Amino acid sequence: EQQRVALARALIIEPQMLLLDEPLAAMDAAARRTLRGFLAAHLAKRAKPAVVVTHDLRDVLALNAQAYVLERGRIVQHGTVADLRRAVDDG
């Protein structure tokens, strides 16, 4: 419940830049599925930048945005989910 309230507070004020660090990680599966769709729709409508940190591929797929893959603090891949899949398939 606390995490949902914190997420709502972050979204309602419409900040110039939004940073969400594992916003769905501590939620139960049902809440995560529901909020994943809501968050994807909300961020798609925003005209302002947002950074979402996640380790869950389902979050990345739902957001359908540019993704950056980090290893040891360095960007090793970036692009759309389709770009990243092609890179895996090619090599």
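The values are calculated or read from the model by the stated rules, or taken from the named source; none is laboratory data. Only a predicted model underlies this, so the values are computations on that prediction, with no experimental measurement involved. Note that we place each Cβ from the backbone using ideal geometry, even for glycine, and neighbour counts take in every protein chain shown. For the accessible areas, the whole protein counts, side chains as well, though only heavy atoms, and no ligand, DNA or RNA atoms are used. Shrake-Rupley method; radii C 1.70, N 1.55, O 1.52, S 1.80 Å.
With a 10 Å cut-off between alpha carbons and a GNM built on the chain, which of Leu24, Leu43, Leu70 moves the most? Comparing Leu24, Leu43, Leu70 in the GNM, the peak value goes to Leu70. In the chain, the DSSP beta bridges split such that about 55 percent are antiparallel, to the nearest 5.
Electrostatic tally near Gln16: other residues with Cβ closer than 11 Å to its Cβ, Lys and Arg +1, Asp and Glu -1, net +1. Within the set [x] 14.2; [y] 13.3; [z] 13.0, the number that Kirkwood radius over Cα pairs in Å takes when calculated for this structure is listed as [x]. Distance between the 7 Å Cα→Cβ label points at Ala31 and Arg74: 3.9 nm. Of the trypsin sites (Lys or Arg not before Pro) found in the stretch 25-72, those in coil by DSSP whose Cβ has at most 11 other Cβ atoms within 10 Å are Arg72. For the chain, relative contact order (Cα pairs under 8 Å, six or more residues apart, normalised by length) works out to 22 percent. Local charge for Asn64 was computed over the other residues whose Cβ lies under 15 Å away, with Lys and Arg +1 and Asp and Glu -1, and equals +2. Taking all protein chains together, Thr34, Thr54 sort by accessible area into Thr34, Thr54, largest first [probe 1.4 Å]. Dipole magnitude for the chain: about 240 debye, using +1 per Lys or Arg Cβ and -1 per Asp or Glu Cβ, origin at the Cα centre. Residue ranking by accessible heavy-atom surface, 1.4 Å probe, largest first, among His55, His42, His78 comes out as His55, His78, His42.
Determine the distance separating the Cα centre of the stretch 50-86 from the Cα centre of the stretch 27-44; give it in Å without decimals. First find each Cα centre; the distance between them is then 17 Å.
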